[in-house]
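The values are calculated or read from the model by the stated rules, or taken from the named source; none is laboratory data. Computed from a prediction, not measured in an experiment: that's the story for all the values here. Every residue, glycine among them, receives a Cβ derived from its backbone with ideal geometry; neighbour counts consider all protein chains shown. The area values use the complete protein model at the heavy-atom level, side chains included, leaving out ligands, DNA and RNA. Shrake-Rupley method; radii C 1.70, N 1.55, O 1.52, S 1.80 Å.
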Amino acid sequence: MKYCFTLLICLLASIVYAQGSLKHAPFFDDFDNNQHGWYEFDEKEATGKIEKGQLFFSHHRTTGSWSLWNTVKINETKNFSIEAKIRFLGGFTKHGYGIIWGANDLENKYFFIVTSLGFYTIRKVEAGKIKDIKPWTPNVYINQGNSENTFTIKKAGNSMLFYINQELLFVSDNYPFLGDKIGFTLAHNMKIAVDYLKVTQ
């Protein structure tokens, strides 16, 4: 499938900027300032900055993906929720943007992403190998175009529940974390603005 091939190419050419100090759930950031120490940068290939109450994140290359994350410790034995509101600001429409969680590095992570054309996928990457938790699927609840979407991931008992705009998209088995990093990812030639990130437990 075209989307699958595209994501594979992106993963093989990914770059990440991470912030290292450990935080604990509950965690909330509305980006009114940089109190949680997100890495801010302005480079030819990508930019990330906190401004006017949002985290602006853009990727300027024509291949690959870019990720930006923070370290938030969650007790996996208990239920939890990860939520972020993200606006697509433009760029290539057939590539995904969204949340990374349970990540250790680029080759060990989970991601839940959507496209501005109304598709979503949920994937696990372990030791660089990609496993579909949910393959690319269209859904009417995804706001298309240059719109906001609220992503929510919940652990409830032995299940993981994935929501977009408070609508349940998919339920899977619980997957153990590969690390403590949570953040955002986007494919090439894309721009997003993150309104908030919330982790509850």
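Send over a whole-number figure in Å² for the accessible area per residue of the chain, probe 1.4 Å.
Details: 8800 Å² over 201 residues.
For the chain, the solvent-accessible area averages 44 Å² per residue.
When the chain is treated as a GNM with alpha-carbon contacts under 10 Å, the residue of HIS59, HIS36, HIS95 showing the greatest mean-square fluctuation is HIS36.
Computed from backbone phi, the HN-Hα couplings of the stretch 174-189 come to 6, 10, x, 4, 9, x, 10, 8, 10, x, 9, 9, 8, 7, 5, 6 Hz, rounded to whole numbers (Karplus: 6.51 cos²θ - 1.76 cosθ + 1.60, θ = phi - 60°; Gly and Pro given as x). Charging the Cβ of each Asp and Glu at -1 and of each Lys and Arg at +1, and nothing else, the dipole of the chain about its Cα centre rounds to 420 debye.
Scan (1) 0.92; (2) 1.20; (3) 1.10 for the value of Cα Rg over 2.2 N^0.38 Å calculated from this model and give just the label. Computed from these coordinates, Cα Rg over 2.2 N^0.38 Å corresponds to label (1). Cross-link partners among aspartates and glutamates for LYS154, C-alpha distance below 17 Å, same-chain residues fewer than 8 apart left out? Excluding near neighbours in sequence, the set is GLU76, GLU83, GLU167, ASP173, ASP180.
For the stretch 65-129, what is one quarter of the convex hull surface built on the Cα atoms, given in nm²? Intermediate values should be presented prior to the final figure.
Working: hull surface 21.4 nm².
If I average the Cα hull's projected area over directions, I get 5.3 nm².
For the stretch 40-136, the share of accessible area belonging to carbon and sulfur comes to 46 percent (1.4 Å probe, ligands and nucleic acids excluded).
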